[in-house]
Amino acid sequence: MNADSLNGRLLFAIPKKGRLHEKCLELLAGADVQFRRDHRLDVCLVKNHPIALVFLPAADIPSFVGKGNVDLGITGQDVILEAQMQAHVTEILKLNFGKCALQVQVPEAGPYQTVDNLAGKRIVTSFEVLAGQYFKPVDDRLNLTEDKRTKIEYVGGSVEAACALGLADGIVDLVESGDTMRAAGLHAIATLLQSEAVLIKSSVPKHVSLEPLISLITSRIAGVVAASRYVICEYNILREKLHDATAITPGRRAPTISPLEDEGWVAVSSMVEKNRVADVMDALVKIGAEDILIFNLDNCRV
Ligand SMILES: Nc1ncnc2c1ncn2[C@@H]1O[C@H](COP(=O)(O)OP(=O)(O)OP(=O)(O)O)[C@@H](O)[C@H]1O
Ligand SMILES: O=P(O)(O)OC[C@H]1O[C@H](OP(=O)(O)OP(=O)(O)O)[C@H](O)[C@@H]1O
Ligand SMILES: [Mg+2]
């Protein structure tokens, strides 16, 4: 491949490793974006669209997209803010994975258990911009003089080890399950932000001609994301209970109602958010629904 072979192609940045990588490959497969990545090459051509995928560290993607070096990208909202690229990139779609919180953490039995106590001490983080923005107003409010202000030091990974190693009094790091934090003997005392993976494009696109392709890819990815968020719930219910039933499963627009041979009954089919499915089934059982079936969706357009 040479630079010419990228001419006219939409450049689409994908995290090359880490927590978002596998999920992105699943999204691309679901959107039928076909490619073969030879020898872990960081740029590869898509076979069935004029697109080239560029595999980059998640933290570098906001700047590449924001500066227009690539047209489209997937990364975390946290690293967009850390790179201070929020004005330069447009969030097109939330992707419903890579969900985590950026939190201030301290040793469980340590001497500093509030943000005010921690201010002026040593913080280690991979998010030095966001940590700096968070502690500046605290330092200001506490009137800490220049030499007494919070010291923020950058490390690229394994942030949770910093307190045990004596490098820090607290850290600012991402938390999902909390396993890493607990295993390191830490707990959270404040939350800076919540984050999830997003599809982004340049706020000032270089090639207007790429917009239709961006829309097509967005719509395909949105379909895959919606399919992972919803299930189909089907059940039979007495016609006279239909009003109660549609209140429980209103669907996205409206549920599909089909007559049954037994005229007193109808079949209902409706999209339900996956994380509500157990509650919905309980409520349906309560009003006398029968034969309740739940189906996963492979793909959809909504
Ligand atoms: N534990 C997690 N759960 C969910 N999302 C996460 C988690 N850790 C990180 N993320 C998200 O993934 C993005 C990339 O972080 P990640 O640590 O996976 O990448 P990396 O540092 O490039 O890779 P690695 O840590 O494997 O070297 C983060 O900016 C955040 O949005
Ligand atoms: O709350 P949890 O589910 O435990 O997830 C949080 C951990 O995930 C990320 O680390 P990662 O695995 O990317 O390792 P790293 O520290 O080397 O970046 C993050 O930096 C936390 O350490
Ligand atoms: Mg990491």
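Numbers for the structure displayed
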quantity: The chain: angle of helix 277-286 to the longest principal axis, Cα-based, in degrees nearest 10; calculated: 40
quantity: Region 146-302, accessible area per residue, ligands and nucleic acids excluded (1.4 Å, Å²); calculated: 57
quantity: Percent of Cα-Cα distances greater than 14 Å, calculated over region 230-296; calculated: 50
quantity: 0 to 90° range, to nearest 10: angle between helix 21-30 axis and the chain longest Cα axis; calculated: 30
quantity: Per-residue [θ]222 nm for the chain (sum of -39500 (n - 2.57) over DSSP H runs n ≥ 4, rounded to 500); calculated: -7500 deg cm²/dmol
quantity: Length-normalised contact order of the chain in % [C-alpha pairs under 8 Å, at least 6 apart]; calculated: 19
quantity: Global geometry of region 159-302, whether rounded, prolate or oblate, following the gyration tensor of its Cα atoms and the 1.5 cut on a/c; calculated: oblate
quantity: Selection from Gly18, Ala184, Thr249 lying farthest towards where the dipole of the chain points positive, charges on Cβ; calculated: Gly18
quantity: Kirkwood hydrodynamic radius over Cα pairs of the chain, then Stokes diffusion coefficient at 10 °C and 1.306 mPa s, in µm²/s; calculated: 71
quantity: Binned Cα-Cα distance frequencies in region 100-195 - 10 Å width, integer %; calculated: 18, 56, 24, 2
quantity: Region 158-225 pair-distance distribution - Cα-Cα, 10 Å bins, rounded %; calculated: 15, 31, 16, 21, 16, 1
quantity: Distance (nanometres) between label positions extended 7 Å along Cα→Cβ at His207 and Val277; calculated: 4.1
quantity: Debye intensity ratio in log₁₀ form over the Cα atoms of region 1-113, taken at each q of 0.12 Å⁻¹; calculated: -0.47
quantity: Stretchable slack from Gln133 to Ile294, in nm (0.36 nm times residue separation minus alpha-carbon distance); calculated: 53.4 nm
quantity: Percent accessible area from carbon and sulfur atoms, the chain, protein chains only, probe 1.4 Å; calculated: 51
quantity: Low-density loop positions, GluC sites (Glu not before Pro), region 148-236 - DSSP coil, at most 13 other Cβ in 10 Å; calculated: Glu176
quantity: Inter-probe distance in nm under a simple model that places probes 7 Å from Cα toward Cβ, at Arg149 and Leu167; calculated: 2.3
quantity: Inter-site label distance for Asp262 and Leu216 at 7 Å from Cα along Cβ, in nm; calculated: 4.9
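The values are calculated or read from the model by the stated rules, or taken from the named source; none is laboratory data. Bear in mind that the values here come from a model prediction, so they are computed numbers and not experimental data. For neighbour counting, all protein chains shown are included, and Cβ atoms are generated from backbone atoms with ideal geometry for every residue, glycine included. These area figures cover heavy atoms from the full protein model, side chains too; ligands, DNA and RNA do not enter into them. Shrake-Rupley method; radii C 1.70, N 1.55, O 1.52, S 1.80 Å.
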